[in-house]
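Single-structure report; data block below.
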Amino acid sequence: QVQLVESGGGLVQPGGSLRLSCAASGSDFKFYIMDWYRQAPGNQREFVARISSGGITNYAGSVKGRFTISADNAKNTVYLQMNNLKPEDTAVYYCRLLFRGVEYWGKGTLVTVSS
């Protein structure tokens, strides 16, 4: 059974950094697409970043230049390095895996950006 577990969230001041992790288990993830999404209170879930098993990445315009998505395929883990965080980045961050035509979601990790 495929499972995704996010970690690394927390409270950070504006301008600070956090690194989120999404660890996948339950299969041999050879070809995949992994996304980070986020959902702020009262808002819809929105796309943040994507990485494919081939290493191709793309980003939402609101985070481009500040966030970096990367993968350690040996550890089945995808990371989201978030720099220069802003209060509007406050949200629950979820990883989403698309693997063999099936979509999987983690339970999320809360990021709060506040002074």
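Derivation of every value follows stated rules applied to the coordinates shown; laboratory data play no part. Only a predicted model underlies this, so the values are computations on that prediction, with no experimental measurement involved. Positions of Cβ are generated from backbone atoms using ideal geometry, with glycine treated the same way; all protein chains shown enter the neighbour counts.
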- Query: Straight-line reach from Lys86: which lysines have a Cα under 19 Å away, not including same-chain ones fewer than 8 places off?
  - Reply: Lys64
- Message: Below 8 Å between Cα atoms, with a sequence gap of 6+, how large is the relative contact order for the chain in percent?
- Response: 36 percent
- Message: Between region 88-112 and region 45-62, how far is it from one alpha carbon centroid to the other, in angstrom?
- Response: 12 Å
- Item | Derived scalar couplings ³J(HN,Hα) [region 51-66; Karplus, 6.51 cos²θ - 1.76 cosθ + 1.60; whole Hz; x for Gly, Pro] | 9, 9, 5, x, x, 7, 10, 8, 9, 5, x, 5, 10, 4, x, 10
- Message: If I build a Gaussian network model for the chain, linking alpha-carbon pairs within less than 10 angstrom, which residue out of Ser27, Ser52, Ser70 has the largest mean-square fluctuation?
- Response: Ser27
- Query: Cα gyration tensor of region 25-67, axes a ≥ b ≥ c as square roots of the eigenvalues: rounded (a/c below 1.5), prolate (a/b > b/c) or oblate?
  - Reply: oblate
- Message: Along the Cα→Cβ direction, 7 angstrom out, place labels at Phe31 and Val2. What is the inter-label distance in nm?
- Response: 1.3 nm
- The local net charge around Asn73, scoring Lys/Arg +1 and Asp/Glu -1 for residues other than Asn73 whose Cβ lies under 13 Å from its Cβ, equals 0
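Using R₀ = 25 Å, calculate the FRET efficiency as 1/(1 + (r/R₀)^6) where r is the Cβ-Cβ separation of Arg100 and Arg19; round to 0.05.
The computed FRET efficiency comes out at 0.35.
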- Lys and Arg at +1, Asp and Glu at -1: neighbours of Gly108 with Cβ under 11 Å from its Cβ sum to +3
- Please give, to one decimal in nm, the separation of the simple spin-label points placed at Lys107 and Gln81, each 7 Å out from Cα toward the Cβ. 2.9 nm
